[in-house]
Structures are given as structure tokens and as C-alpha cells.
Amino acid sequence: MDNAKPAGFATRAIHLGYDPMQHEGALTPPLHLTSTFAFEDAEAGAAIFAGEKPGYFYSRISNPTLDLLERRCADLEGAEAGVAFASGMGSICSVLWTFLSPGDEIVTDKTLYGCTFAFMRHGLAKFGITITHADMTDPDSVRAALSDKTRIVYFETPANPNMRLVDIEAISLIARQRGCKVVVDNTYATPVLTRPIELGADIVVHSATKYMGGHGDLVGGIAVGSAEDMQQVRIFGMKDMTGAVMAPFNAMLVLRGLKTLKLRVEKHCHNAMTVARALEAHPAVAKVNYPGLESFAQHMLAARQMPGFGAMIAFELKGGLEAGRAMMNRLQLVRRAVSLGDTETLIQHPASMTHSTYTPEERAAHGIAEGLIRLSVGIEEVEDIVADLLSALDDPASTSIAA
Ligand code: 7XF
């Protein structure tokens, strides 16, 4: 495969970097369940530690099973190299600790996943780093927020939980002209739908817990970027600052998830479009945020930037939060759970769950409505998902408009 012209996405997700004939014919890559690696002799150990000789020495720094996952993720994102982490937060914290120092500034979008927001607001800020929230749907707002001290521009697209999109190419251009690194959380879109590095970003981070793993059975993270940046992240951010290394067994599960990533994302997208239209047509629903709907404010950007619209939907009911909670409680198939990107359809209430790290005032300022409900559309039969949602919405209580 290595000599042929570049293979397509799904082919690379299944084959890249692995030859069964180098591993006794084993179709599936071996799991290197080891913390440490034996040296031929003391001199070889010293040379590997010094970086003078290639080799493994300890699984917090590198491990062959993680290597394969890192190579595949980097390739699928169009990056040179990758590092796997114990969680998405592990990847975000490790990347940011690597490139930020006291006195530096980071410019982020208004809307971020709750723990990313908390890490910046309460974590980075504690160590003398200034956080500025710009409206990244407006290039002028980003230009105005950048200063000589800005080192990193950071955003999610689509953003968790309200589905705001950021024009990756436009914002990356502005940031790079000012010498900043652009870090994009691509968890929602996955490399099937968006490859930020190809659009000018420097580093992409993921919660591999979500679509990459895809089955709700692990917590993991990934960062990809240039070989130089990833080497820094590995030997400083991960090795010394966070220690948030992925376990080899989880790397194995994510490798398995990647094999069906494209297939799953296509089905997720197809299901989500049907669900979004069904929600939008229901009289109890006030607003549906889904990039595939013509009513979505940034639908044109979505159509330009994403070949499919993903499977995350945020919506509000006319009856507000109380109606939303009552509707959630009537669901029979859809699971009331945080996380996303699993085969199961999941529903949650950001203000009291994933985004409870914001104060109510912060949520209001950052565009996260108190009544917003978030749906991660799974890959069950779409008629069953729609039927469950409609029967939960059809209860008369959910259609009454709050005073
Ligand atoms: O450390 P994790 O693997 O949970 O990943 C953190 C993370 C990073 N970026 C984005 C866009 C995320 O959505 C997440 C995790 N979000 C889950 C959620 O929104 O449901 C966490 C459940 S509290």
C-alpha cells in the first residue's frame, strides 16, 4: 500500500502503518500491554534516553500501540504527527501547557465545552495567562482581541453545545499573520467532515472518547500537528506537565473505532438530518440549531466547510427548561447521558450538566441558553429515534408556552 497512490480515507483508517506480515500474519495489530521496555545493554538504554538511538523506553513517552494510533490520526487529519492522551482534556491541557507561559494571552471563541472553559478560566488564569473571548463568527472581533502577547487562538467548530461554526480558513489566516498558533478542537466534526490543518490551523485536538472511539467504552484524547510541535507536546506537555498518557488498551479500542469512523459518521449525519427536520416541524419546538437546516444562521458556511453536517443538534422548546426536562424524562429509547458520538442517541441539558462549569451570567454572555437541550444522534434506525422524540414531545405539557 505504501508505494501506491494515496489510498482513500476509510482505507487508510483501516490499513495505514501496519503490515500483518511483520507480525506473524496477525490481521489485527498487537496490543503492547507494557509499561517499560528492556534494553539490550546499559549503553543502548542511555542512547535511547538521550535520543541518539530510536527505541522505546517507557509507555508514558511512547508505546508501539499508541504509535500506530497516533500515525493514523495524524494521517487522517492531514498532519505530520500525533500524540495520544488519557482524555480529551488531557490533550487540551497538554497542548496549552506546552505553548503558553505566564504573561501570555490566549484568544478563544465565546462558546467552549464546559471543562475547556473552566481549565482556561480557572486553570490557565491562575498561572498568569490572560484569556480573551472573541466572537469568532466575526473576523473583526478576532482582530481586535489579538495583542502582541497572544500566542494561541483556540476554538471549536461546531462548538459545544450551541453549534456555532467558525470559518477555519479566515480565522487561521488572521491569527497566523500575527504569529499565533491556531488550535482547533475538532471533536464534533471529526476528520471525516473537517480537516482544520488543511485549512490553515496548526494543531487539532480531539476527545477520542466521542466519534473516534465511537462506542462509549473509553475515555481518550488525541492531538495532531507538525512533527516539531508534537515532539514538544510529547516531551514537555505530556511527559512533564500532565502525564496524561493514553493506556495501550484504549489505543487498541480507538484503532478499532477508527476502522468504521467514516461509515459511522455518514450514518450519523443521515440520521441527524432526519431528526433535525422532524424537530423543526414540531409545534412544541421553538428553535433547532443544526448546520444542515436552511434556517441555521451559518448554513452557507457549513455547506462550504463541511461535506456533511454532523450529528449534534441543539434545540429549545417553547415551554423552556421545564418542558425540556419533562420531555427528556419521557424518552424511552434515547438515553439521558452526557458525552456524544456513540452508537446510542444521547440527550443532555448543557446548563445543568456539561456547561454547569459556567455561572448563569457567563452562560448568558457566552450564548448558552438555559433551556437548550443537546442531542447526539446515534446510528439506531432513524424511524425509532424520531418516534421516541415525537412521542416525548407530543405530551400536552410540552406544548404549553411558559409564562
Ligand atoms: O476529556 P474528554 O475526553 O471528556 O473530552 C473533553 C472534551 C473536549 N472537547 C469537546 C468538544 C468535548 O465535547 C469534550 C467532552 N465533552 C463531553 C460532553 O460534552 O458531553 C463531556 C461530558 S461532561
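The values are calculated or read from the model by the stated rules, or taken from the named source; none is laboratory data. Please read these numbers as outputs of a predicted model, since none were measured by experiment. Neighbour counts are summed over all protein chains in view; Cβ atoms, including those assigned to glycine, are modelled from backbone coordinates with ideal geometry. Protein only, heavy atoms only, side chains kept; ligands, DNA and RNA dropped before computing areas. Shrake-Rupley method; radii C 1.70, N 1.55, O 1.52, S 1.80 Å.
When you check Ser172 against the structure, is it assigned to a helix (DSSP H, G or I), of a type in the set (S, T, N, Q) and closer than 19 Å to Ser226 by Cα, yes or no? Spelling it out, Ser172 is indeed assigned to a helix (DSSP H, G or I), of a type in the set (S, T, N, Q) and closer than 19 Å to Ser226 by Cα. When you look at Leu279, is it more than 14 Å from the chain's Cα centre (by Cα), surrounded by 19 or more Cβ atoms within 10 Å (Cβ to Cβ) and more than 16 Å from the ligand (Cβ to nearest atom), yes or no? Criteria met by Leu279.
Restricting to the range 326-354, and then to whatever is over 28 Å from Gly88 (Cα atoms) and open to solvent by 50 Å² or more (accessible area, probe 1.4 Å), can you tell me which residue is nearest to the ligand (Cβ to nearest atom)? Spell out how you get there, then give the answer.
So in the range 326-354, the residues over 28 Å from Gly88 (Cα atoms) come out as 326-327, 329-332.
From what is left, the residues that are open to solvent by 50 Å² or more (accessible area, probe 1.4 Å) are 329-330, 332.
Values: Asn329: 19, Arg330: 21, Gln332: 21 Å.
Selected residue: Asn329.
Which residue pairs have Cβ atoms under 8 Å apart, sit 6 or more places apart or on different chains, and have a first residue in the range 206-217 that is over 23 Å from Tyr154 (Cα atoms) and a second that is among the hydroxyl-bearing types (Ser, Thr, Tyr) and open to solvent by 10 Å² or more (accessible area, probe 1.4 Å)? Close Cβ pairs (under 8 Å, with a partner that is among the hydroxyl-bearing types (Ser, Thr, Tyr) and open to solvent by 10 Å² or more (accessible area, probe 1.4 Å)) amount to Gly214/Thr260; Gly214/Thr343; His215/Thr343; Gly216/Ser339; Gly216/Thr343. Taken over the range 193-238, the criterion of being within 16 Å of the ligand (Cβ to nearest atom), hydrophobic (A, V, I, L, M, F, W, C) and under 21 Å from Leu255 (Cα atoms) is satisfied by Leu193, Ile203, Val204, Val205, Ala208, Met212, Leu218, Val219, Ile222, Ala223, Val224, Met238.
Scan the range 355-368 for residues that are away from the ligand (no atom under 11 Å from the Cβ) and outside any helix (DSSP H, G or I) and jot them down. Break it down into steps so the answer makes sense when it comes.
First, pick out the residues of the range 355-368 that are away from the ligand (no atom under 11 Å from the Cβ): 358-368.
Scanning the range 355-368 gives Tyr358, Thr359, His366, Gly367, Ile368.
Looking across the range 182-192 at every residue that is in a helix (DSSP H, G or I) and surrounded by 24 or more Cβ atoms within 10 Å (Cβ to Cβ), the one that is farthest from the chain's Cα centre (by Cα) is identified as Pro191.
Of all the criteria given as (1) closer than 25 Å to Val254 by Cβ; (2) at pLDDT 95 or above, the one not satisfied by Pro6 is (2). Look at the range 158-187: where a residue is within 14 Å of Ile313 (Cα to Cα) and touching a residue at least 24 places away in the same chain (Cβ under 8 Å) and a partner is open to solvent by less than 10 Å² (accessible area, probe 1.4 Å) and away from the ligand (no atom under 16 Å from the Cβ), sitting 6+ places away or on another chain with Cβ atoms under 8 Å, you get Met163/Tyr290; Leu165/Ala302. Taking each residue of the range 102-118 that is within 15 Å of Val182 (Cβ to Cβ) and looking for partners that are open to solvent by less than 10 Å² (accessible area, probe 1.4 Å) and polar (S, T, N, Q) with beta-carbon atoms closer than 6 Å, six or more apart or interchain, yields Glu105/Thr150; Val107/Thr150. For Lys126, the criteria (1) of a type outside the set (Asp, Glu); (2) open to solvent by 10 Å² or more (accessible area, probe 1.4 Å); (3) closer than 20 Å to Ala302 by Cα hold in every case but one, which is (3).
Look at the range 374-394 and say how many of its residues are outside any helix (DSSP H, G or I), open to solvent by 10 Å² or more (accessible area, probe 1.4 Å) and not aliphatic (A, V, I, L, M). Break it down into steps so the answer makes sense when it comes.
First, the residues of the range 374-394 that are outside any helix (DSSP H, G or I): 374-381, 394.
Next, from what is left, pick out any that are open to solvent by 10 Å² or more (accessible area, probe 1.4 Å): 379-381, 394.
Add one more test, that the residue is not aliphatic (A, V, I, L, M), and what stays is 380-381, 394.
Here the count works out to 3.
From the set of residues in the range 167-181 that are more than 16 Å from the ligand (Cβ to nearest atom) and closer than 30 Å to Gly371 by Cβ, which is surrounded by the most Cβ atoms within 10 Å (Cβ to Cβ)?
Ile171
Within the range 284-303, is there a residue that is among the small types (Gly, Ala, Ser), within 15 Å of the ligand (Cβ to nearest atom) and assigned to a loop (DSSP other than H, G, I, E, B)? Among the residues of the range 284-303, not one is among the small types (Gly, Ala, Ser), within 15 Å of the ligand (Cβ to nearest atom) and assigned to a loop (DSSP other than H, G, I, E, B), which makes the answer no.
Sort out which residues of the range 1-33 are more than 28 Å from the chain's Cα centre (by Cα) and surrounded by 12 or more Cβ atoms within 10 Å (Cβ to Cβ), and write them in order of number.
The first filter runs over the range 1-33 and keeps only residues more than 28 Å from the chain's Cα centre (by Cα), leaving 1-5, 19-27.
Answer for the range 1-33, where residues must be more than 28 Å from the chain's Cα centre (by Cα) and surrounded by 12 or more Cβ atoms within 10 Å (Cβ to Cβ): Met1, Pro20, His23.
In the range 74-166, counting only strands (runs of 3 or more DSSP E) that sit wholly within it, the ones holding 3 or more residues that are closer than 24 Å to Glu228 by Cα and more than 16 Å from the ligand (Cβ to nearest atom) span 150-156. When you check Leu69 against the structure, is it among the aliphatic types (A, V, I, L, M) and either part of a loop (DSSP other than H, G, I, E, B) or more than 15 Å from the ligand (Cβ to nearest atom) (or both), yes or no? Here the answer is no, as Leu69 does not meet what is asked.
For the range 85-95, name all the residues that are crowded, with 24+ Cβ neighbours inside 10 Å and touching a strand residue (DSSP E or B) at 6+ places or on another chain (Cβ under 7 Å). The answer is Phe85, Gly88, Gly90, Ser91, Ile92, Ser94, Val95.
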